[in-house]
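Enquirer: One structure coming up, written as structure tokens, with questions to follow.
Since every read-out is calculated from the coordinates, none of them should be taken as a lab result. Quantities reported herein were computed from a predicted structural model and do not represent experimental measurements. With ideal geometry, Cβ positions are generated from the backbone for all residues, glycine too; neighbour counts draw on all protein chains shown.
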Amino acid sequence: MFRSSLSAALLLAAATGSAFAANGVCRGFNLQNDLAAISLYEVAESGRTFFIKGPTSQRESCPSLSPACRQRSFLVEGDKVVVNEIEGDFACANYVDRKGTDIASWLPLSSLSRVQVQPRWDGRWSTYDGRSVITIKTTGGGRMFVRGHATYDTGSYVNTGEFEVEGDANEREFAFGYYGGQQIGYEEANAGPKRCAARMAQLGPYIAVIDNDACGGENVRFTGLYSRQ
């Protein structure tokens, strides 16, 4: 469960660490990630595991285990995060809590344990801001029917995007194309202009999605980390 410490007195004492991330920047899950390389991890230590700050001009040594690099926000044992990058002794971790709070920052790799995922696609999934929603229904035959809807409000009008496709519910990853109201192959969609192409990965309480920016109107994207609603 995500928490935010309200007092410096609540911070756990820790020795200053000497291991740093290579460039210190945790951008969180993004469209440049390789879905095959991201993984689900679980906080394995009891007590509080605090998020770690990245570098700034005032704290060039971060991320490290120094108390000066520690954020107020923390996780507890059993919380699950999506790790999209590991550098040195730190993991770039993405977490969405039940209230929709989204955070992406460093965590000590020593506090995490990798989770082997059995795909569980069924459900209604949403990005933290609710702009993109994916509904998935699985069948007894191992198939799944996937419907996506996304919006972008310009203030003057609302751009939308949507797709309806099906795939294998037994696989961790799913790639598809969508054009003219019909499902097509992922590679075929990528080969043509303005054809929606997207890849999805099932990660326990999350689904990670990367699209090609052609699945809807201007600024409409399905790319993001989704949590089950």
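Enquirer: What are the GluC sites (Glu not before Pro) within region 51-122 that DSSP puts in a loop, where the Cβ has at most 13 other Cβ atoms within 10 Å?
Expert: GLU60
Enquirer: Under a Cβ-only charge scheme (Lys and Arg +1, Asp and Glu -1), can you give me the dipole magnitude of the chain about the Cα centre, in debye to the nearest 20? Please list the in-between numbers first.
Expert: Details: 23 positive and 25 negative charges, 132 e Å.
That gives the chain a dipole magnitude of about 640 debye.
Enquirer: Exactly which chymotrypsin sites (Phe, Trp or Tyr not before Pro) in region 118-177 are in a DSSP loop and have at most 16 other Cβ atoms within 10 Å?
Expert: Those satisfying the criteria are TYR157.
Enquirer: Only bridges whose two residues both fall in the chain count here: according to DSSP, what percent of them are antiparallel, nearest 5?
Expert: Details: 69 of 69 bridges.
That works out to approximately 100 percent antiparallel.
Enquirer: Using modelled amide H (1.01 Å from N, peptide plane; none on Pro or chain starts), what sits under 5 Å from the amide H of VAL25, excluding residues fewer than 5 places away?
Expert: The answer is none.
Enquirer: Find, among the trypsin sites (Lys or Arg not before Pro) in region 75-145, those assigned to loop by DSSP (not H, G, I, E, B) with at most 14 other beta-carbon atoms within 10 angstrom.
Expert: Qualifying residues, ordered by number: ARG98, LYS99.
Enquirer: Stretched out fully, how many nm does the piece from ASN159 to ALA68 gain, at 0.36 nm a residue minus the Cα gap?
Expert: Stretched fully, the ASN159-ALA68 segment lengthens by 28.4 nm.
Enquirer: For LYS99, which lysines qualify as cross-link partners when the Cα separation must be under 18 Å and same-chain residues fewer than eight apart are set aside?
Expert: Those lysines meeting the cut-off are LYS80.
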